[in-house]
Amino acid sequence: MDKFTRYPVISLSAEYLVMGHLLRRNIMTYKAPQFNEGYDLICTHPDPRKKCKRLRIQVKSRMATDCDRGFPVKGKTIGSFDFLIVAFLNIGYFFRKRNCHNYKTGRKDIEFYTFPPSFIKKHHDKSSSWEKVRTRGLNIERYKNEAGFENIAKALKIEYPRKLKS
């Protein structure tokens, strides 16, 4: 049996990468306390005078480029977040028989997918102890990168940043 690989620093990097992308989109984003159940980030409108809701964001990550494109989500946590963002970090090949000796050949750009709870519920597989959401073979382009982040901005009614005329 293979050993389970954990790299806490790499997992934590996913949260900060997501924070950076949300902040770049002008979405105020704060880190929730460590080991908080159900969500990792809190998002709100950048204008303190706006009365708006706060959104709870769960961040999941997968480091292997050749992962199965699934990620673990416990069913009991689905109601505790407003969006789940999975970061496929794509740092190298870890599972392929070929090229395993040189994981660096599998490095690719990071991919982010921002899913609403309804998507997670629909694709949640609770048949194993891992309770995974499997995305392989699904058309999930509308949730990818900027398009996915835009759904959070829309939920918070945050316009796209633009230069104001003087």
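Some notes on this structure:
Quick grid of which residues meet (1) surrounded by fewer than 17 Cβ atoms within 10 Å (Cβ to Cβ); (2) under 20 Å from residue 113 (Cα atoms); (3) not aliphatic (A, V, I, L, M):
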residue	(1), (2), (3)
15	no, yes, yes
19	no, yes, no
33	yes, no, yes
44	no, yes, yes
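- Of all residues in region 105-128, those being touching a residue at least 40 places away in the same chain (Cβ under 8 Å) and in contact with a Ser or Thr (Cβ under 9 Å, 6 or more places away or on another chain) number 3.
- Residue in region 129-156 that is nearest to residue 55 (Cα to Cα), counting only those that are out of contact with any helix residue (DSSP H, G or I) (no Cβ under 8 Å at 6 or more places or on another chain), modelled with pLDDT of 95 or more and assigned to a loop (DSSP other than H, G, I, E, B): 156
- Within region 55-80, being surrounded by 14 or more Cβ atoms within 10 Å (Cβ to Cβ) and free of Cβ contacts under 8 Å to residues at least 12 places away in the same chain holds for no residue.
- Whichever residue in region 19-54 is basic (Lys, Arg) and in contact (Cβ under 8 Å) with a residue 12 or more places away in the chain and, among such residues, is farthest from residue 162 (Cα to Cα): 31
- Region 129-148 residues that are over 16 Å from residue 89 (Cα atoms), paired with ones that are assigned to a helix (DSSP H, G or I) (beta carbon under 6 Å, 6 or more apart): 131/75; 133/120; 133/123
- Annotation: residue 51 fulfils all but one of (1) charged (D, E, K, R); (2) under 16 Å from residue 155 (Cα atoms); (3) modelled with pLDDT of 90 or more; the unmet one is (3).
- A count restricted to region 36-54 and to residues that are closer than 17 Å to residue 85 by Cα and out of contact with any Cys (no Cβ under 8 Å at 6 or more places or on another chain) stands at 8.
- Odd one out for residue 60 among (1) of a type in the set (Lys, Arg); (2) under 30 Å from residue 105 (Cβ atoms); (3) over 12 Å from the mean Cα position of the chain (by Cα); (4) at pLDDT 95 or above: (3)
- In the condition set (1) of a type outside the set (S, T, N, Q); (2) loosely packed, with under 11 Cβ neighbours inside 10 Å; (3) part of a loop (DSSP other than H, G, I, E, B), residue 94 is compliant with all but (2).
The values are calculated or read from the model by the stated rules, or taken from the named source; none is laboratory data. All of these numbers come straight from a predicted model, not from anything done at the bench. Please note: Cβ atoms are built from the backbone with ideal geometry, for glycine as well, and neighbour counts cover all protein chains shown.
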